[in-house]
Structures are given as structure tokens and as C-alpha cells.
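The values are calculated or read from the model by the stated rules, or taken from the named source; none is laboratory data. It should be emphasised that the depicted structure is a prediction, and the values quoted were computed from it without experimental measurement. With ideal geometry, Cβ positions are generated from the backbone for all residues, glycine too; neighbour counts draw on all protein chains shown. Calculation scope for accessible area: heavy atoms of the full protein, side chains included, ligands and nucleic acids excluded. Shrake-Rupley method; radii C 1.70, N 1.55, O 1.52, S 1.80 Å.
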Amino acid sequence: SSWIGEDCCRWKGVSCNNQTGNVVKLDLRSYGCYLNGGQDDPSNLNPSCMSGKISSSLLDLKHLNYLDLSMNNFQNNPVPEFLGSLDKLSYLDLSYSNFAGLVPPHLGNLSNLRYLDLGSNSLNSSQPGIWIADLSWITHLTSLEYLNLGFVNLSMVSDHWLKAFNKLPSLTKLYLPFCELQNLPHSLPHMNFTALTVIDISSNSFQPSIPEWLFNLTSLSFLDLSYNDIRGDISVLLGGLGKCWNCSLEELYLVSNQLSGQLPSSLGFFKKLRYLYLFDNLISGPIP
């Protein structure tokens, strides 16, 4: 309703550079297309929700560095390839927007990107969602600090996913839940993404032993390995994560795995721990 008149810098969701007047930010997040959750009642539609196909006229905004199109409904249209030509972008959020199809490798051209969220793009499980067949393009995003690929199908990338993300030295937060990953490498020869503070690789199809490369992430504050059938001794995992005396871990989620054995006294090393979820494992013995 605010999009009237020629001065677009006054429009809701549009921000301009104060000196040049160039549009630098589009924040068009809708906060959900259905006001009360139901999708069958037309009167339940959120009037601020966008749908349809995204126009390539966005390319006219040559100084755009922030684009948020999340929480809209793009009706199973693919993520547009031309977004990879918005080379000034440092922030791109396309989450919860009902895209479908292959994520275009052209996004690898966005070398200034620090934030990328493609998570949760299927509105329900019967819709196709989005997928990535080759992660090599993501290794070009060397400035990336935040990456969310939750519910993006990564089943075709095999065990190369960890090597790809390891080439992102600035990465601090990595979210990969429900990505249909099947291989969780046990170790990495060289650790580059040591700045990681958050890792969520829950609800995949892992059935390996405990990944020892986690023990080299000394800045980790959030770790979610839940619902993966990871096997091994709980004392090995907790001992490895707590090897630093001033451990930074604040949240640890290990729900529904095959971790066995007793809880070690090293659990006391986690001085900053606020949340600990261990249920649905094979843990026995006394609580230290």
C-alpha cells in the first residue's frame, strides 16, 4: 500500500543510499502467506505475500547488496539464474518461499555474499523442493559467514559436501538439517573452517562412527547431530568435544542416535552449557 509515487526510497521494504539515492536493499519478507496456517481458504491469504515468477528487471538495481524474498510463495518456480549477476549482494535470503528445481550454480558468482539462506523451500512434503547436484560453485563464496541449506536435497553430492564447506574459511554458521545426506566423513586432513560456531546436521541418513573432525572446532557453541543413528561411545564424543578446559559449547543435541556407554566426568568441562539433549540413545550407568 505504500508503493505509490515516484520516490521508491519511501516505499516499505525499499532502502536507498543516502548520498547517491541508489536502491541498496530490498526486504520483501512477508512473514507467511497464510494468516492462520490454512491453505484452502482464499480469505486466509496474507495480502503482503508475493507469488508468481521473479522478473529479471531486478538486474536494473545495480547497487543492490541486500535481497530478502523469504516467506513468500513462488509456486514451484525455479530460483532464477540471473540472481547470480547481482554481484554486489552480500545478503540473500530465499527461505520458505516455495521454490523448486535445481539451485543454479550461477549463485557462485556472488563473491561478496556473506549470508545465504535457501532453507525450507517446500511448503509440504508432497512438493518437490530444491536440490543441489554439484557443490563446486559454493566454494567460490569465500566471504560466506552464514549458510542455511535446510531441507535442500543434497543426496547427489555424495561425500564431497564436507570438503566443499571446508573451503569456506569465513563460515561461522552452517545449517544442513533434512538434506538427505548419507555420508559423514570420519576425519578431514586439513581444517579450514575453524571459525565455525554453529553446526546443525540433524535428521540426515548418517550411520557412521563419531566424526573426529568436530573435535578441532574450538569455537563451537551449538552442535546438533540428532536423528542420525550415529554409533559409538558417548564418552569418546563428549571427551573429544570438551578437551579444551574453557569449552565454548552452549547447546548440544544428540537425540535419537546409537550412542552407548556411560556419561563421563568430562561432562563437567562444559562450563557454558545451557541445553543438553541426550534422550533416545543407549546410554547407561550413573549421572556424573
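Results, tabulated for the structure shown:
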quantity: Any hit, region 148-161, residues being of a type in the set (Gly, Ala, Ser), open to solvent by less than 30 Å² (accessible area, probe 1.4 Å) and in contact with a strand residue (DSSP E or B) (Cβ under 6 Å, 6 or more places away or on another chain); calculated: yes
quantity: Complete set of residues in region 273-288 that are surrounded by 14 or more Cβ atoms within 10 Å (Cβ to Cβ), in a loop (DSSP other than H, G, I, E, B) and more than 25 Å from the chain's Cα centre (by Cα); calculated: Asp280, Asn281
quantity: Matching residues, region 18-32, being polar (S, T, N, Q), open to solvent by 50 Å² or more (accessible area, probe 1.4 Å) and under 27 Å from the mean Cα position of the chain (by Cα); calculated: none
quantity: Matching strands (runs of 3 or more DSSP E) fully within region 176-268 where at least 2 residues are open to solvent by 10 Å² or more (accessible area, probe 1.4 Å) and polar (S, T, N, Q); calculated: 258-261
quantity: Test set (1) crowded, with 22+ Cβ neighbours inside 10 Å; (2) at pLDDT 95 or above - Asn73 fails condition number; calculated: (2)
quantity: Subset of region 135-147 (residues that are part of a loop (DSSP other than H, G, I, E, B), touching a strand residue (DSSP E or B) at 6+ places or on another chain (Cβ under 9 Å) and over 16 Å from Pro104 (Cα atoms)); calculated: Leu144, Glu145
